[in-house]
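Input: a single structure, listed below in structure tokens.
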Amino acid sequence: MNLDSAKLLIKVAASAKKSVMLWGPPGLGKSDLVRQIAAEMKKQFVDVRLSLLNPVDLRGLPVPMSEGEGKAPSFTTWLPPQFLPREGTRGILFLDEINLAVPTVQAAAYQLILDRKLGEYILPDGWAIIAAGNRAQDRSAVFEMSSALKNRFIHITVEADFGCWQRWAVDNNVHPHVLGYLSYRSQHLLQMPDNPAQYAFPTPRSWTVLSEMIHHGMEVCREFVGGIIGDGYATEFENFHKMAGKLPSIKAIMEGQNPPLPSSKGDDSLLYLIITTLAYETRQVKGADEIIKAATNSISYLGNNKLSKEFIALFLTSCMASNLEAKVRGEVFKKCRQYLEPLRQLLGV
């Protein structure tokens, strides 16, 4: 299941106050997904890393109590930890890295997850519990989750999906060279290493880090990039990045001019770079009319150079951010009706 589908299911489960266990490889964006769900549902978000806790940290501290003033203590009560939600609030309690926690801490969470209470503490009605963890095949140092704990969850396994990540990347201004490379090599979005000694490897999280570093002026060379996504992928990305010097004038294209399209010589990688750079620069334009002009001029340029409809559809998916005004979307789509079918196929709708 991809993250978009998981989001819909988690929202339903959260509304029904059912606990969800989210499984997936590291760096996929599980934690960010749950945080985003809380924001969209206008709920508070409490992130608890069970792997950092001891059992007493979750249950709270015992305090001796007496049955009356002046009497010796005869029983104890428990003071719950500050991070557990209080009455009068609504939110998502996120138990991240739950299977990195030692079994005794997992056992302390049983009652909270199933009965929504811990001793005298009761989880308020407005709160849902979502947990997340990596799988054993991801080579994470996880503890086996007991069958008793497993049976307390609705289980969702998420996988990397380029279309889903692309929509997120467009909305979050991921660098066009990163988006272009992954449009060309989508299978590189997430690759778990074969060698446990390999420290860096490509994940949605590491590609996002690479994008941020390039935006901040990092020199793109194999030594630096390799420390983020791994040496093998760094070499190929560096070569892709260097092709930026071959790009036609992006500004001229957006203004309606027709600079020569460099020959790709059977290698489509340059076309992917041109398209995602055009889309990125179109998203930076201010004003609805100017965005419409830049987008339609770009589409005309791609069409005049006889690029396939799939490439033009890729431009559309890469420049239509979700927060774009409906007027802009309508005008752009109106002027490129012939490209809507491949666009629907790319989006899977």
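Every number here is computed from the coordinates shown, using simple stated rules; none is lab data. Source: prediction; values computed, not measured. Don't worry about glycine lacking a Cβ; one is built from the backbone with ideal geometry, like all the others, and counts go over all protein chains shown.
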The chain: calculated mean residue ellipticity at 222 nm from DSSP helix runs of at least 4, using -39500 (n - 2.57): -14000 deg cm²/dmol
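From the cross-link list Lys17/Lys150; Lys286/Lys306; Lys251/Lys309; Lys265/Lys286, which pairs have alpha carbons spaced over 26 Å apart?
Over 26 Å Cα-Cα: Lys286/Lys306; Lys265/Lys286.
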Fewest-first sequence of His216, His155, His175 by Cβ atoms within 10 Å of each Cβ: His216, His155, His175
Three-way shape label, the stretch 162-347, alpha-carbon gyration tensor, a/c 1.5: prolate
In Hz, Karplus ³J(HN,Hα) per residue of the stretch 166-177 (6.51, -1.76, 1.60; θ = phi - 60°; x = Gly, Pro): 4, 4, 5, 5, 5, 5, 10, 6, 4, 3, x, 6
Point-charge dipole on Cβ atoms (K/R +1, D/E -1) for the chain, about Cα centre, debye to 20: 920
Electrostatic dipole magnitude of the stretch 162-347 [Cβ: Lys, Arg +1; Asp, Glu -1; Cα centre; debye, to 20]: 680
Gaussian network model of the chain, Cα within-10 Å springs - most flexible of Gly287, Gly180, Gly68: Gly68
Cα shape, the stretch 212-298, gyration tensor, a/c 1.5 rule: oblate
Among Met254, Leu189, Met1 - extreme Cα towards positive end, dipole of the chain, charges at beta-carbon: Met254
GNM result for the chain, Cα springs below 10 Å: residue of Pro176, Pro64, Pro124 fluctuating most strongly: Pro64
Placed amide H near Arg135: partners under 5 Å, 5+ positions off or other chain: Gly24
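Given the chain, what percent of its DSSP beta bridges are antiparallel, to the nearest 5?
Around 25 percent antiparallel, to the nearest 5.
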Residue order, fewest to most beta carbons within 10 Å, for Val56, Val220, Val332: Val56, Val220, Val332
The chain shape via C-alpha gyration tensor axes, a/c threshold 1.5: prolate
Gaussian network model of the chain, springs between alpha carbon atoms under 10 Å - residue of Ile98, Ile130, Ile122 with greatest fluctuation: Ile122
In sequence order, calculated HN-Hα J values of the stretch 18-34 (Karplus, 6.51, -1.76, 1.60; Hz; x Gly/Pro): 9, 7, 10, 10, 9, 9, x, x, x, x, 7, x, 5, 5, 4, 4, 5
At most 12 other Cβ within 10 Å, DSSP loop - trypsin sites (Lys or Arg not before Pro), the stretch 193-294: Lys265, Lys286
Sparse-neighbour loop sites [trypsin sites (Lys or Arg not before Pro); the stretch 89-134; at most 16 other C-beta within 10 Å; DSSP]: Arg90
Sites matching GluC sites (Glu not before Pro) across the stretch 1-106 that sit in DSSP coil, with at most 16 neighbouring C-beta atoms within 10 Å: Glu67, Glu69, Glu87
Electrostatic dipole magnitude of the stretch 1-146 [Cβ: Lys, Arg +1; Asp, Glu -1; Cα centre; debye, to 20]: 380
